[in-house]
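All of the numbers you see were taken from the coordinates with simple rules; none came from a lab. Model, not experiment: these values are computed from the prediction. Here the Cβ positions follow ideal geometry from the backbone for every residue, glycine too, while neighbour counts run over all protein chains shown.
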Amino acid sequence: MLDVMTTSTAIELTALTKSFGSVHAVQGIDLSIGQGEVVAFLGPNGAGKTTTIDMILGLAQPSSGTVAVFGLEPGDAIAHGLVSAVMQTGGLLKDLTVKETIRYTAALFAATRPIEEVMETAGVTEIANRRVGKCSGGEQQRVRFAMALVSDPELIILDEPTTGMDVATRRAFWDSIRADAERGRTVLFATHYLEEADAYADRIVFVRHGRVVADGTPAEIKALGSGRAIRATWEGVTREELRGIPGVDTVDIRGDQLLVHAKDSDAVARFLLTSTPAHDLEVVARGIEDAFVALTGDEAEASAALPAFGDDTPDLPTTENSEVR
Amino acid sequence: MSAPTIDLSTRPRPNRGLLDLTVLGIELRRVLRNRRTMIFMVVFPPVMFLFISAQITGKDDVMGPGIIANVGAYVMVSMALYGAVLATTSAGASVSIERASGWSRQLRLTPLNPVAYIAMKMISALVLGAIATGVTFIVASATGHAHMAARSWVECALIILVGALVFAAFGLFMGYLLPSDNAMQFIGPVLAILSIFGGIFTGPISTDSLYGKIAEMTPIYGFSAIAHWPTTLTTSGTYGTFKFSWVVNLVVWAALFVAGAVWRFRKDTARV
């Protein structure tokens, strides 16, 4: 084996599939993640995120296709301490203390970071002597993060790491991850919290039904969610008048308030302001949640979710706690 | 983005033997912290010994003509063996908790070799078995209720430790076979019944009766008979009868437990 690897790819998935009997959890994923990228693996429950992660970590065997982690087999990458993971649940012994858990993990690797330093980074120094079973869900997640850091891996994979955390804990958790990623570590995290992907990733990979349906920067993904929404006031406006405007996709009217969605929102806004009595005009990017539904939802769900106005429409951008399913 | 190179020589694979002292230390502390295990392993056997040996006095305490050991020593070996079997079985069966909590899955994200993990479990089982045996021997010796030739103490202790390892394999088998909630609850009563068949609470069982013939086939019987054999040493340097069937019993059960543990372990660590 070469001592120095020149690959710039952290993860390379080629035509990856995984079936459990008649259930096709992963149906052909091609994905290349470069070193230093912070990537969100976003999709609804059952999209195949965890199965894909299990294959990247060597916990599951692909039905077909290949996985390379820094050009190595997953098991080799783990043996060299190149990759570590923060799993969603489990993986902890309740009767060990936090510090014992981290020492135990560190003892298994050849080269490790100092335990005190790792505990400081993960924010578990204060609870070092607490039994893991007595830690809250958020604290246990920090312990898992500390365990993932001891081998000073080049790549950290997090599988829905903030499930069950409250908003403040979640933010603090991501701040530690983000601060750590500044040092050039590659991060791949699975989530179904849309805001998490938007706020913390440089790149979002959308998966649905075991396939990648979109891949790009958060801005690109939002743009893929087909344009922006325009609100304005127009006394006595009718649906027909709005539908007649070139470029308008969907239309909703509440009294004198109108809301239209358009791919070319600039053209529609210009038309409304110059050729109609519309005033108090507002252009808003559609929230990532809309994009999420449009991209990953079934066609029926997606179109049902499009004309959002009044009713149960969340203010844009969407709220912190929204979650798909 | 730059394409940093990764120097694998700064990231070697761990190159150590099967035993890591940090990990072993933490493993042992875990078990010692568990009050229920501790009571059954290190409190129950010596207390039972004191209770039983106090009732055996005078002529009742004599094993036979010329035999150096007293009946108290026989009881001590029984109790130490029971404690050691409980200790090693619990240590092995603790894998069920580790499976249920996802700890064994977490360990697969480290360079730890699964075989090294099993070896570590066996070593921690051995240390616990030694503690259980040692406590009973020390209490029995200190109270003066047990006496036998110096070499018999050493022989009994060694046989108990080696035999108890067979039950570490039994514990591993059960730990990989049973769901965590049931493993410990199941093992306690099973060991109690096997101990009765092994003559732990009654003294040697005659194989003339049907009961004796059945008991002879059970896992603790052979082990117990071999472990008690050194107590038959006489002043003229001879031992009592040694039956080859005891060794057959222990070896056959050892083979079955190891095969069962390997079978379940392979199933558990297979990548699906």
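Annotations for the structure displayed:
- With the Kirkwood sum run over all distinct C-alpha pairs, the protein assembly as shown has a hydrodynamic radius of 28.4 Å.
- If you bin all the Cα-Cα distances of the stretch B:220-272 at 5 Å, starting from zero, the percentages per bin are 4, 18, 17, 15, 11, 10, 8, 6, 5, 3, 2, 1, 0.
- Exercise: per-residue mean of other protein chain Cβ atoms within 10 Å, B:24-33: 3
- Taking packing as the residue-averaged number of other Cβ atoms within 10 angstrom, the listed peptides B:233-244, B:218-229, B:256-267 run from highest to lowest as B:218-229, B:256-267, B:233-244.
- Sum of -39500 (n - 2.57) over DSSP H runs of 4+, divided by residues of chain B (222 nm, nearest 500): -21500 deg cm²/dmol
- With respect to chain B, whose longest principal axis is taken over its alpha-carbon atoms, helix B:71-93 is tilted by about 20°.
- Count of Lys pairs (Cα-Cα under 27 Å; at least 8 positions apart or interchain) in the protein assembly as shown: 13
- Tilt relative to chain B, helix B:114-142 - C-alpha long axis, 0 to 90 degrees, to 10: 30 degrees
- Cut-off under 5 Å, modelled amide H: who pairs with A:Leu158 long-range: A:Val86, A:Leu188, A:Phe189, A:Ala190
- Cα-only radius of gyration and Dmax that characterise the stretch B:46-95, units Å: 14.2, 47
- Spherically averaged projected area of the convex hull of Cα atoms, the stretch B:98-197: 8.3 nm².
- In the stretch B:16-269, one over the average inverse separation of all distinct C-alpha pairs is 18.8 Å, which is the Kirkwood hydrodynamic radius.
- For B:Asn70, the residues 5 or more places off, or on other chains, whose built amide H falls under 5 Å of its own are B:His147.
- For the stretch A:27-148, the alpha carbon convex hull comes to 130 Å³ per residue, rounded to a whole number.
- Each residue of the stretch A:190-201 was assigned a 3J(HN,Hα) from its phi angle through the Karplus expression (A = 6.51, B = -1.76, C = 1.60, θ = phi - 60°), giving 8, 7, 10, 8, 5, 5, 4, 4, 5, 7, 10, 9 Hz with x at Gly and Pro.
- Each of B:Asp61, A:Asp202 was scored by other Cβ atoms within 10 Å of its Cβ. Listed from fewest to most, they are A:Asp202, B:Asp61.
- Partner shielding of A:104-115 amounts to 5, given as the average count of beta-carbon atoms from other chains within 10 Å of each residue beta-carbon.
- For the stretch A:176-225, pairs of C-alpha atoms spaced more than 18 angstrom apart make up 32 percent of the total.
- Taking the C-alpha atoms only, the angle from helix B:21-33 to the longest principal axis of chain B is near 60 degrees.
- Per-residue average of Cβ from other chains inside 10 Å of B:90-97: 1
- Whole-Hz couplings from phi, Karplus 6.51/-1.76/1.60, listed for the stretch A:110-118; x for Gly and Pro: 6, 10, 9, 7, x, 4, 4, 5, 5
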